[in-house]
1. Skip the ligands, DNA and RNA, and give the accessible area per residue of the chain with a 1.4 Å probe, whole Å².
2. Over all directions, average the projected area of the Cα convex hull of region 216-298 and note it in nm².
3. Set Lys and Arg Cβ to +1 and Asp and Glu Cβ to -1, take the dipole of the chain about its Cα centre, and tell me which of Leu128, Leu177, Phe398 lies farthest positive.
4. Over the Cα atoms of region 341-391, what Rg and Dmax result, in angstrom?
5. Apply the a/c threshold of 1.5 to the C-alpha gyration tensor of region 186-244 and tell me whether it is rounded, prolate or oblate.
6. Kirkwood-based Rg over Rh for the chain (C-alpha set), two decimals?
7. Could you state the principal axis extents of the C-alpha atoms in region 23-84, from the largest down, to the nearest angstrom?
8. D for region 37-138, whole µm²/s, Stokes-Einstein with Kirkwood Rh over alpha-carbon pairs at 20 °C and 1.002 mPa s: what number?
Amino acid sequence: MAGSTHAQAFAEAILSSGRTHVFALLGEDNAALLFALRERGVEVVPAHHESAAVAMAEGYAWATGRPGICSVPHGLGLSEVVSSLRLASRNRSAVVLIAAAVEHEVSAYRRMWPGEDPAAVLADALSLAADRLRPVVVGVGPDLLAAPVRVGAVKLPAPRPRIGLPVGDDAAVARRLTAVLARAKRPVLLAGRGLQATDSAYLVRVLAERTGAALATTLGAKGLFDGHAQDLGLAGDLAHPAAERVLRAADLVLAFGTARSATGDGDAAEILALLGDAATRRPPWFTPVGSAAECWREDLRDHAPPIPAGTVDPRRALATIDELIPADAVVVVGGGRCEAFACALIARPREGRFIAAESRALPLAIGAALASPGRKVVVFDGDLTPAGELTGLDLTLFLLNPGGAGVGSADDVAGVARAALRTGPAIVEIRTAPEVVPRHRRGPAAREDR
């Protein structure tokens with residue numbers, strides 16, 4: 001590190017961390033860092049704006065299971081950056097943003113002080129992002145990036161307490177939840193994305209089997225309980241009709257791994273283990289509904305509204321495409337009216353990943369594709385927004401759009417989709433009938449609470 005600037009030391013640390021890509025909007029504030037990264041062979045992926053850089057880092061993080069890194073030249077005064085971080089936080093995305101930034105309430109903040117080791121600062125930020133499944137901003141100004149590293153040359157201020165979970169009385173929380181579960185006659189256990197990276201999902205299954213509770217997930221944890229007899233699939237506005245009937249009859253919903261988790265600030269695994277040990281064994285209170293795929297096939301059979309000529313029922317198009325998607329694919333879904341059906345109708349890839357991207361599907365998918373060489377990335381969105389270069393990516397984009405000049409016959413969907421899912425980039429537009437959508441859209445709660 002002798003003679004290195006902070007930018008060069010950060011670049012060395014990023015390379016040593018195993019990251020192959022950093023997603024960035026180039027500016028005067030971060031130019032030294034991006035040039036240092038390129039000199040060391042780390043690919044700097046250019047973004048058209050700040051939100052795309054954050055979204056691509058999110059896709060990288062979701063696909064690899066490790067925090068993604070991005071950089072923008074501005075501080076957090078710009079609404080574009082704040083909005084992107086807010087979405088990343090709601091999506092529970094582990095992202096580290098290196099910027100000339102000031103502290104902001106939408107993300108954790110780690111200021112780089114003169115005299116600190118950049119490698120230690122980066123390691124701390126990556127660990128914090130992974131622990132909390134939230135974005136972390138590393139605030140470092142352009143003057144400091146260009147300055148030589150002199151570790152310990154400046155006396156550091158007293159360290160601010162690390163942002164984390166306060167210690168709670170897990171036993172007391174478990175006793176309270178045990179009493180609540182014992183009184184409930186029709187309980188549901190709802191899992192969010194916060195359980196995916198832990199062993200707690202297994203403990204939730206055990207608790208459901210002992211209490212007879214139904215299992216359901218938020219959108220961010222889609223597929224977590226696939227194959228379990230007590231699984232209802234997605235909760236909320238994208239629940240299939242059979243699951244919705246069970247969810248409406250519930251007299252208790254306990255959420256775990258969500259923004260409003262029943263465990264509060266406690267240790268979820270510890271509390272769930274105590275709950276399972278204390279639970280009174282009961283049979284399921286509801287009749288199992290079967291897999292989500294089976295339930296949606298039933299809905300397709302029972303509900304066949306008239307479709308305007310030249311358009312396709314989005315449910316049937318998605319069901320057809322679902323059968324053609326490779327088992328190890330990464331599936332990314334936008335948040336528009338028709339493409340939201342893909343969250344329900346596309347089965348979570350057995351060996352791949354599912355990512356709910358809302359309004360930034362394409363840039364997030366580009367990040368996932370760069371992180372997943374050898375895997376097909378499949379994107380469902382409503383429009384095409386420039387987000388980066390698709391050349392060389394194994395990425396297929398299905399645009400579900402009522403207008404345009406794309407596929408307008410259900411008979412043609414399978415052939416076009418099969419060709420588009422071959423190796424390499426492809427874009428397919430399907431003219432969908434939006435009037436099918438309102439029957440199934442009931443409320444946003446479970447989509448928003450990841």
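1. Spelled out: the 1.4 Å probe surface of the chain, per residue, equals 42 Å².
2. Value for region 216-298: 6.1 nm².
3. It is Leu177, whose Cα lies furthest towards the positive end.
4. 11.2, 30
5. oblate
6. 1.00
7. If we take the Cα atoms of region 23-84, the spans are 32, 30, 16 Å.
8. 159
The values are calculated or read from the model by the stated rules, or taken from the named source; none is laboratory data. Predicted model only: the values in this text are computed from it and were never measured. Every residue, glycine as well, gets a Cβ built from its backbone with ideal geometry; the counts of neighbours run over all protein chains shown. Heavy atoms of the whole protein, side chains included, go into the accessibility calculation; ligands, DNA and RNA do not. Shrake-Rupley method; radii C 1.70, N 1.55, O 1.52, S 1.80 Å.
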